[in-house]
Amino acid sequence: MTRMTDDLLPALKRHFGFDRFRPGQEAVVRDALAGRDLLAIMPTGGGKSLCFQLPALLQEGVMVVVSPLIALMQDQVRLLEDNGIAATFLNSTLGGIEAAQRIQALRRGEIRLLYLAPERLLSPGFVDSFLQPLQETVGISAFTIDEAHCVSEWGHDFRPEYRQLSRLREWFPDVPVLAFTATATQRVREDIARQLALRDPALHVASFNRPNLYYAVKPRSGRAFDELLGHIRYNKGSGIVYCLSRKRVDEIASDLQAEGVSALPYHAGLDAETRRENQDRYIRDDVQVMVATVAFGMGINKPDVRWVVHYDLPKTMEGYYQEAGRAGRDGEPASCILYFGMGDIRTAEFLIAQKVHPQTGDPLEDEQRIARQQLRQVLDYADSSECRRAVQLRYFGEPHPGQCGNCDNCLNPRPLQDWTLEARQMLSAVARLAQRRQRYGASTVIDILRGARTEKLVSSGLDSLSVYGIGSARSQEDWRALARSLLQQGLMEETHDGYPVLLLNAASWEVLKGERSVRMAAPAAVPKAAGRGRAARAAAAAGVEPDSEEDALFDALRALRKKIATAHGVPPYV
Ligand code: ADP
Ligand code: MG
């Protein structure tokens, strides 16, 4: 049943009150109406719901929508009902009578959209005694799998039940399957198509550019909290502060409250009741700020979030993009700020090193490698002097010319400086090591340049190298920035020997021979979090703690820091 676009606009207006489609929506709607399987990838807030809701209204039969969260279903059904559209959900929150009434209404063909959790759909007898008969009488126009990345272990929200959804294909070979997600990585996309057994799906990939979002990275200093406070007071509107750990969420929320900010916490450690209440109050604009772990987000339909602050370094670029993307879903200007300090890197590295086999204690090398790679991408973003939008979109494989004019780097370009001398120092350190048939990662090379007296350097005789200590005038952060910049500019390579190691290439030799100069944006002044100053001590004490069971790891980290501090005769700073 194909329809002309001319018919779609009046229907869009009539049912939803919108005058035009958002980018990409119309093509998806048309393919859905043509009865094709499809995979639609559109950013959060891109308007995916409409892409299956409008076809549901223009086709016969009921559209069955699989959705991972009860809150998400209730939200969508309520919004549809507000638009006068007959929609319902069946889930465990319904009493027997209520459920029976809804089932009757479905059987009478009075309902256009039926929302189901996968557990319900796959529960014994549900298909045989309800869905099959429904298909034979009222008809099922299509199965929509919303948040389809839940089917993939490569995604960030894997749900084992989603895996079983491929059985829909066996049970209902003639009913189209429509998959929707905001997850942009190629691997997850392929996984979705395979796991759901999509049949020659029409692939729709909308742009991930969110032009209304302003992106900035700020150095985290000991005064980060005051800055956050200033940000909230200046920006007024609704916002989200993302933290990595439950403990940090609780602390920041109560510190904000103490400053008179209306803020509430949200994390998986709160009971369901409190979570729901806090979420409702936030959505109703009863409170201004939600301080949350990543547990807060999926399915929160609040279009007027004006800003998102990441108070801790996110673990992946994808995660950052999704969380920041909860701002400005209404298309109005909104801002996304990421705080970044050197302590974040150490914390992240520590956590990665803790990924070990629960029984044998052996490092989970694949997991560690992937996590390191993800960390590197986040650091490259945080540290970049390039257009933030260009860096993000490049990560998703989408080209962008840069110069978006709506990020800190575009509005305040950092001046380029000449770093040829330092670049030569770093490259010669790598060259000296190569002469000794040795390869090391950036941290060891930087330790050599700065003349650090670490046990590793001394015991392997690296302190006798001619380059030892030649770069002591520059800070570790400067050297890290240079290493990243050399890698980004292709003036040095990195490979893996179990851990990343630095290598020279032809371009490196041009620099070493003086045939080429090296320029780099002035490194951002990123203060140390783990120094011994008072502010730094406070920041370290607030220590980033990740959500969920990783909390225990931090006790280990504390113990370790204490041990090191005791061994070196300095007071423990945690
Ligand atoms: P997604 O599921 O892709 O994250 P939603 O479907 O929840 O996004 O839509 C996000 C917001 O955009 C909603 O508030 C929705 O009403 C609005 N929206 C969707 N399509 C349009 C449109 N064509 N015109 C205006 N607003 C739209
Ligand atoms: Mg959605």
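Residues that are away from ligand 1 (no atom under 13 Å from the Cβ), touching a Lys or Arg at 6+ places or on another chain (Cβ under 9 Å) and either open to solvent by less than 50 Å² (accessible area, probe 1.4 Å) or more than 25 Å from Ala272 (Cα to Cα) (or both) do occur in segment 101-113. Of the candidates Val62, Val28, the single residue that is touching a strand residue (DSSP E or B) at 6+ places or on another chain (Cβ under 8 Å), modelled with pLDDT of 95 or more and under 22 Å from Ala206 (Cα atoms) is Val28.
Within segment 357-378, residues that are on the phi > 0 side of the Ramachandran plot reach no partner that is open to solvent by less than 60 Å² (accessible area, probe 1.4 Å) with beta carbons closer than 9 Å at six or more positions or on different chains. Under the condition of being surrounded by 19 or more Cβ atoms within 10 Å (Cβ to Cβ) and of a type in the set (S, T, N, Q), the residues counted in segment 407-424 number 1. Scanning segment 118-148 for residues that are open to solvent by less than 20 Å² (accessible area, probe 1.4 Å), over 18 Å from Asp174 (Cα atoms) and either part of a strand (DSSP E or B) or touching a Lys or Arg at 6+ places or on another chain (Cβ under 9 Å) (or both) turns up Pro118, Phe126, Asp146.
Looking across segment 38-67, the residues that are buried (at least 23 other Cβ atoms within 10 Å of the Cβ) and more than 15 Å from ligand 2 (Cβ to nearest atom) come down to Leu38, Pro55, Val62, Val64.
Restricting the first member to segment 293-319 and to residues that are among the small types (Gly, Ala, Ser), and the second to residues that are more than 11 Å from ligand 1 (Cβ to nearest atom) and modelled with pLDDT of 95 or more, the beta-carbon pairs closer than 6 Å and six or more apart or on different chains are Ala295/His267. The single residue among Val305, Val294, Val289 that is surrounded by 15 or more Cβ atoms within 10 Å (Cβ to Cβ), β-branched (Val, Ile, Thr) and touching a Phe, Trp or Tyr at 6+ places or on another chain (Cβ under 7 Å) turns out to be Val294. Gln74 satisfies every condition listed in (1) within 33 Å of the chain's Cα centre (by Cα); (2) of a type outside the set (Gly, Ala, Ser); (3) open to solvent by 10 Å² or more (accessible area, probe 1.4 Å); (4) more than 16 Å from ligand 2 (Cβ to nearest atom) except (4).
Within segment 398-455, take every residue that is within 16 Å of Val518 (Cα to Cα) and among the charged types (D, E, K, R) and give me the one that is modelled with the lowest pLDDT.
Let us first name the residues in segment 398-455 that are within 16 Å of Val518 (Cα to Cα), namely 414-428.
Those still in the list that are among the charged types (D, E, K, R) too: 414, 418, 422, 424.
Numbers: Arg414: 83, Asp418: 95, Glu422: 96, Arg424: 97.
My answer is Arg414.
Considering the conditions (1) charged (D, E, K, R); (2) at pLDDT 95 or above; (3) within 24 Å of Gln53 (Cβ to Cβ), Arg189 is excluded by exactly one of them, (2). Determine whether segment 21-36 contains at least one residue that is surrounded by fewer than 20 Cβ atoms within 10 Å (Cβ to Cβ), in contact (Cβ under 8 Å) with a residue 40 or more places away in the chain and under 26 Å from Glu161 (Cβ atoms). Checking segment 21-36: at least one residue is surrounded by fewer than 20 Cβ atoms within 10 Å (Cβ to Cβ), in contact (Cβ under 8 Å) with a residue 40 or more places away in the chain and under 26 Å from Glu161 (Cβ atoms).
The residue that is surrounded by the fewest Cβ atoms within 10 Å (Cβ to Cβ), counting only those in segment 498-516 that are touching a Gly at 6+ places or on another chain (Cβ under 9 Å) and touching a residue at least 24 places away in the same chain (Cβ under 8 Å), is Tyr499.
From the set of residues in segment 173-209 that are assigned to a loop (DSSP other than H, G, I, E, B) and within 16 Å of ligand 2 (Cβ to nearest atom), which is surrounded by the most Cβ atoms within 10 Å (Cβ to Cβ)? Across segment 173-209, the extreme among qualifying residues is Thr183. Among the residues making up segment 351-382, those that are farther than 16 Å from Pro500 by Cβ and either of a type in the set (Ser, Thr, Tyr) or modelled with pLDDT under 85 (or both) are Leu351, Thr360, Tyr381.
Before we move on, is Val445 β-branched (Val, Ile, Thr), part of a helix (DSSP H, G or I) and open to solvent by less than 60 Å² (accessible area, probe 1.4 Å)? Criteria met by Val445.
The values are calculated or read from the model by the stated rules, or taken from the named source; none is laboratory data. In this text the structure is predicted, and so the values were computed from the model without any measurement. Please note: Cβ atoms are built from the backbone with ideal geometry, for glycine as well, and neighbour counts cover all protein chains shown. These accessible areas exclude ligands, DNA and RNA; they are computed on the full protein's heavy atoms, side chains included. Shrake-Rupley method; radii C 1.70, N 1.55, O 1.52, S 1.80 Å.
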